[in-house]
Every structure is written in C-alpha cells, then in structure tokens.
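Engineer: Next up is a structure, given as structure tokens.
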Amino acid sequence: MWIIFSRYRILRSGTIDGVFRRNGVWADLKVKDDTVRVVSLHLQSTSIRPEDTQFLEKHQYILDSERESKLRSIVERLVENNRKRAVQAEAVEQFLAKTPYKTIVCGDFNDVPLSYTYNCIARDLDDTFSRMADGFAYTYDTKYKLLRIDNILVSPSIEVISYEVDNDAVFSDHYPVISRIKFY
C-alpha cells in the first residue's frame with residue numbers, strides 16, 4: 001500500500017479505481033491559495049526474477065527443452081504484465097482527465113518513456129526529467145544501467161527547478177528521483 005506524506009494540509013485523499021492493490025493513491029494538498037493534486041503510483045511489475053535476469057544476461061543455457069520453457073515463461077510474464085500496466089495506465093489517464101487541479105504524478109511506472117503505459121499517463125503532463133535533466137538518467141539498478149522507469153510528471157503550469165536521480169542510494173533496486181518544483 002502506498003501513502004503520501006506532506007507538510008501541506010491534505011484536503012482530500014483516496015485511491016484510483018483500476019490500479020490494483022491500492023498502488024495508486026492521490027491527495028489534494030492546500031498549497032498557498034491553490035489546490036494541488038499529488039498522485040503516487042506503483043504499476044504492475046514485470047515479474048522478472050533475479051534468476052531470470054541471470055539466465056538472460058549470462059546466457060546460462062540449459063537443455064534445449066528447458067531453455068525454451070524458461071524463455072517462454074519469461075516472455076509470457078512480460079506480455080501479461082504489460083497488459084496489466086496498460087489497463088492501469090488507462091485508469092490513471094481517466095482519473096487525471098477529471099482532475100480540476102494542477103497535478104504532480106510520481107512513482108514506479110515499471111515501463112520506459114517509449115511505452116504505451118508512460119505515454120498514456122504523461123499525455124497532458126510534463127516529465128521533470130525532460131524539462132531539467134542533461135543527457136541520460138536511469139532509475140532502476142541493472143547491469144546495463146538503462147532503465148528510467150520511475151518518474152515525476154507535472155502539470156505544464158508548474159515550474160520545475162531541478163531534477164536528479166540519487167544513484168548512490170542503496171534503499172532498494174530503484175533509485176530515488178528528486179525534483180524541486182515551485183508554486184506561485
């Protein structure tokens with residue numbers, strides 16, 4: 001279950017229908033004379049286990065029949081979980097379309113910026129990475145350091161001051177994404 005901590009007064013809060021296991025929560029915050037909706041997401045995982053990664057990265061091929069079975073299992077999980085994320089993303093998109101306030105969406109999308117999931121959610125929002133980052137960033141700890149699957153998106157009217165990923169943090173296999181924003 002996800003929660004939102006805030007130093008600003010929380011006016012209302014709830015969950016997003018269609019995002020499973022309460023992994024989509026929102027809160028309306030009173031910021032100066034304005035209301036800002038903050039959404040926190042953790043979308044469906046890829047369900048790739050460490051042994052799957054080891055198998056793929058190290059080419060630990062076993063018997064042909066076992067290899068085929070292992071690859072089929074990995075691909076089936078990727079496809080099924082991609083479908084689940086698409087449904088979740090559409091639920092978030094519908095929720096955001098009804099939001100009357102400036103919005104901040106943050107969380108683990110478990111999908112890259114080229115994906116349907118990301119683009120569905122980010123449709124009317126700006127990515128703080130795109131606004132402020134220089135070059136390349138990754139938010140998920142893998143051997144190849146390629147995946148930016150954790151995001152902070154904001155309404156276009158919110159000013160983004162900075163963006164960074166703390167790749168030295170060791171709290172989990174995801175790195176903290178930090179954006180500083182300014183309200184007028």
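The values are calculated or read from the model by the stated rules, or taken from the named source; none is laboratory data. Predicted model only: the values in this text are computed from it and were never measured. Cβ placement follows ideal geometry from the backbone for every residue including glycine, while neighbour counts extend to all protein chains displayed. For accessibility, only protein heavy atoms count, side chains too; no ligands or nucleic acids. Shrake-Rupley method; radii C 1.70, N 1.55, O 1.52, S 1.80 Å.
Engineer: Rounded to whole Hz and in sequence order, give me ³J(HN,Hα) for segment 88-105 from the Karplus expression 6.51 cos²θ - 1.76 cosθ + 1.60, θ = phi - 60°, writing x for Gly and Pro.
Structural biologist: 4, 4, 5, 5, 5, 4, 5, 4, 5, 4, 8, 7, x, 10, 4, 10, 10, 10
Engineer: So, one more: Cα centroids of segment 26-45 and segment 150-173: how far apart, whole angstrom?
Structural biologist: First find each Cα centre; the distance between them is then 15 Å.
Engineer: From the residues VAL105, THR15, LEU153, which one has its Cα farthest along the dipole of the chain in the positive direction, the dipole being from +1 and -1 charges on Cβ of Lys/Arg and Asp/Glu about the Cα centre?
Structural biologist: The residue sitting most towards the positive pole is THR15.
Engineer: Here's something else I'd like to know. From the helices alone, meaning DSSP H stretches of at least four residues, give me the mean residue ellipticity at 222 nm for the chain, per-run term -39500 (n - 2.57), in deg cm²/dmol to the nearest 500. Intermediate results must be reported in sequence, preceding the final value.
Structural biologist: Working: 4 runs with 55 residues, N = 184.
Value at 222 nm, helices only: -9500 deg cm²/dmol.
Engineer: Please compute the contact order of segment 26-113 in relative form: average sequence separation of alpha-carbon pairs under 8 Å and at least six residues apart, divided by the residue count, as a percent. Numbers along the way, then the final one.
Structural biologist: Values: 76 pairs, mean separation 43.9, N = 88.
Here the relative contact order equals 50 percent.
Engineer: Please work out the Kirkwood hydrodynamic radius for the chain, using every pair of different C-alpha atoms, and report it in angstroms with one decimal place.
Structural biologist: 17.8
Engineer: Compute the relative contact order of the chain as a whole-number percentage, counting only Cα pairs closer than 8 Å that sit 6 or more residues apart in sequence.
Structural biologist: Numbers: 316 pairs, mean separation 31.4, N = 184.
Result for the chain is 17 percent.
Engineer: Ok, one more. Return one quarter of the surface area of the convex hull spanned by the alpha-carbon atoms of segment 77-184, equal to its mean projected area, in nm².
Structural biologist: Values: hull surface 29.9 nm².
Approximately 7.5 nm², given one-decimal rounding.
Engineer: Still on this structure, I have one more. Give me the net charge for the shell around ASN110: Cβ to Cβ below 11 angstrom, other residues only, Lys and Arg +1, Asp and Glu -1.
Structural biologist: -1
Engineer: Now for a different question. Please report Rg over Rh for segment 37-129, where both radii come from the alpha carbon positions and Rh follows the Kirkwood definition.
Structural biologist: 1.12
Engineer: Residues in segment 98-132 near a label at TYR184, defined as backbone nitrogen under 16 Å from the 7 Å Cα→Cβ point?
Structural biologist: 102-103
Engineer: Using protein chains only and a probe of 1.4 angstrom, how many square angstrom of ASP168 are accessible, to the nearest 10?
Structural biologist: The value for ASP168 is about 130 Å².
Engineer: Can you give the accessible area per residue of segment 1-123, in Å², using a 1.4 Å probe?
Structural biologist: 59
Engineer: Starting from the residue with the highest accessible area, list TRP2, TRP26 in decreasing order, probe 1.4 Å. Walk me through the intermediate numbers first.
Structural biologist: Details: TRP2 100, TRP26 35 Å².
Largest accessible area first, the list is TRP2, TRP26.
Engineer: For the chain, compute the number of Lys pairs whose alpha carbons are separated by less than 17 Å, excluding pairs fewer than 8 positions apart on the same chain.
Structural biologist: Close lysine pairs found across the chain: 8.
Engineer: Give me the extension gain from GLU159 to ARG49: residue separation times 0.36 nm, minus the current Cα-Cα distance, reported in nm with one decimal.
Structural biologist: Values: separation 110, 0.36 × 110 = 39.60 nm, distance 3.83 nm.
The GLU159-ARG49 span can extend by a further 35.8 nm.
Engineer: Would you mind working out the magnitude of the charge dipole of the chain relative to its Cα centre, with +1 at each Lys and Arg C-beta and -1 at each Asp and Glu C-beta, to the nearest 20 Debye?
Structural biologist: 600
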